[in-house]
């Protein structure tokens, strides 16, 4: 691959979290710039502390072309009710991020962390008449541009979770294990069920457990 080939890395954060948004991020990196990413400490965001992610995120945003799409819970829930398929929703979001970057900056190749059938993202790009080479791989974070995108996405998720915590007047937990149900019940009791959908992804099993706890006792 030529040294100056421009590669878009794409990844997402929040898809497995009951609370908070879905965030999809893309970043353009020249192959010759991969060394810079290593110097910044770029690797799979799951291996980096939240504080360090925010620091690296600031460096990436200031140095490289990027686009971060944040789909807040209320919009996410609306989209999911129409699509009723998480992978299709993800494909649409990835397609939007890729299209945004290519239209503004151009690119030679796109790499993303594979999350479903390859044709889902391919179809989204075809709709947008994007013919750029596309590589969808499992464990995509082993590619530097995807690892960088994972940091941008995670940083966006962390930032939005902090905002939700402030809005709720309590710390909003990450993940989807049973311990997050208690936090959701507190919000439900304080603000009502309509307000809850502004904080959580309602298609998660947690939602029914929160609304009808006796059924899952």
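Per the Debye calculation on the stretch 95-217 with a single equal scatterer at every Cα and no solvent contribution, log₁₀ I(q)/I(0) for q = 0.15, 0.17, 0.22 Å⁻¹ amounts to -0.86, -0.94, -1.15.
Springs between Cα atoms under 10 Å define the GNM used for the chain, and in it the highest mean-square fluctuation of 207, 18, 199 occurs at 207.
Within the chain, the proportion of Cα pairs with more than 32 Å between them is 21 percent. The stretch 146-201 and the stretch 9-48 have Cα centres lying 20 Å from one another. Calculated [222 nm] ellipticity per residue, helices only, for the chain: -16000 deg cm²/dmol; basis is -39500 (n - 2.57) per DSSP H run with n ≥ 4, divided by all residues, nearest 500. Overall shape: oblate for the stretch 1-119, with the ratio a/c of the largest to smallest alpha carbon gyration tensor axis at 1.5 or above and b/c at least equal to a/b.
Relative contact order of the stretch 1-142, taken over Cα pairs closer than 8 Å and 6 or more residues apart, is 30 percent.
With the convex hull drawn around the C-alpha atoms of the stretch 148-217, the volume per residue stands at 90 Å³. If you take every DSSP beta bridge fully contained in the chain, what fraction is antiparallel? Give it as a percent rounded to 5. If we restrict to bridges inside the chain, about 60 percent are antiparallel.
If one takes the longest principal axis of the Cα atoms in the chain, at what angle in degrees, from 0 to 90 and to the nearest 10, does the Cα axis of helix 50-63 lie? The angle comes out near 40 degrees.
Taken together, the values in this text are just the output of simple stated rules run on the coordinates, not laboratory data. If you're wondering where the values come from, they're calculated on a predicted model, not measured in any experiment.
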